[in-house]
Amino acid sequence: MPKNYFRTTLIFLIFSELLSIFAWLLPEFNLAAFLFVLAITLVLSLKKLEYGILIAGGELIIGSYGYLFSLEYGSTLISVRLGIFMVVMFAWLCHVVKNGGLKSYWLELKTFKFFKYYAALAIVLVWGFVWAIIRGNDFGNVFLDFNNW
């Protein structure tokens, strides 16, 4: 790896950590940084999906369990990692719709060898999510548990 890439990456990581400390001290800045990261990720992912995947990978490398920046929604803390994932998935969906639509993707997906097993798993997960909500569990806890799957 060239020396310039290493230096640039190291400076970016240090800068990100410093911004995270600043965001921890000022909740308004935390919200602004969270939304800024998601907006940049969305724009770059819509331009080229690989950019969004690289951003997600970079966030995984930085660590902090995805909580460099976060959004407080009620009693639930949504990490920037989850936000990046949702934005990249939205960009992927836009690319699918733009390049042939969901119908062609669905037909291709149904030919996948293990499709029925994943479909069964998805049904069980959705049932567990709905059952947890019906039982009166906190939505934030249910959502984060569901997200872990």
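Tabulated data for the structure shown
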read-out: Selection within the range 1-53 - among the small types (Gly, Ala, Ser) and farther than 12 Å from LEU68 by Cα; value: ALA32, ALA39, SER45, GLY52
read-out: Residue, nearest to the chain's Cα centre (by Cα), within the range 101-149, restricted to residues that are exposed (fewer than 12 other Cβ atoms within 10 Å of the Cβ) and outside any helix (DSSP H, G or I); value: TRP149
read-out: Meets criteria (within 30 Å of PHE15 (Cβ to Cβ) and not in a helix (DSSP H, G or I)) for LEU60; value: no
read-out: Index of the failed condition, PHE90 passing every other in (1) surrounded by fewer than 10 Cβ atoms within 10 Å (Cβ to Cβ); (2) closer than 30 Å to TYR67 by Cα; value: (1)
read-out: Qualifying position, being among the aromatic types (Phe, Trp, Tyr), within 26 Å of ASP138 (Cβ to Cβ) and modelled with pLDDT under 85, among TYR5, TYR67; value: TYR67
read-out: Among (1) at pLDDT below 90; (2) of a type outside the set (Gly, Ala, Ser); (3) on the phi < 0 side of the Ramachandran plot, the one test that PHE34 misses; value: (1)
read-out: Pair list, Cβ < 8 Å and 6+ apart or interchain, from the range 26-44 residues that are loosely packed, with under 13 Cβ neighbours inside 10 Å to residues that are not hydroxyl-bearing (Ser, Thr, Tyr); value: PRO27/GLU72
read-out: From ILE53, ILE11, residue being more than 23 Å from ASN141 (Cα to Cα), assigned to a helix (DSSP H, G or I), modelled with pLDDT of 90 or more and out of contact with any strand residue (DSSP E or B) (no Cβ under 9 Å at 6 or more places or on another chain); value: ILE53
read-out: Identity of the residue in the range 62-76, surrounded by fewer than 15 Cβ atoms within 10 Å (Cβ to Cβ) and free of Cβ contacts under 8 Å to residues at least 40 places away in the same chain, that ends up nearest to the chain's Cα centre (by Cα); value: TYR65
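Per-residue answers, yes or no, for (1) among the β-branched types (Val, Ile, Thr); (2) in contact with a strand residue (DSSP E or B) (Cβ under 9 Å, 6 or more places away or on another chain); (3) not assigned by TED's automatic domain parsing to the domain that holds PHE36:
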{"residue": "GLU72", "(1), (2), (3)": "no, yes, no"}
{"residue": "THR76", "(1), (2), (3)": "yes, no, no"}
{"residue": "TRP92", "(1), (2), (3)": "no, no, no"}
{"residue": "TYR105", "(1), (2), (3)": "no, no, yes"}
{"residue": "ALA120", "(1), (2), (3)": "no, no, yes"}
{"residue": "ILE123", "(1), (2), (3)": "yes, no, yes"}
{"residue": "VAL130", "(1), (2), (3)": "yes, no, yes"}
{"residue": "ILE134", "(1), (2), (3)": "yes, no, yes"}
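The values are calculated or read from the model by the stated rules, or taken from the named source; none is laboratory data. Here the structure is a predicted model, which means the values were calculated and not measured. Quick reminder, even Gly has a Cβ in these numbers, built from the backbone with ideal geometry, and neighbours come from all protein chains shown.
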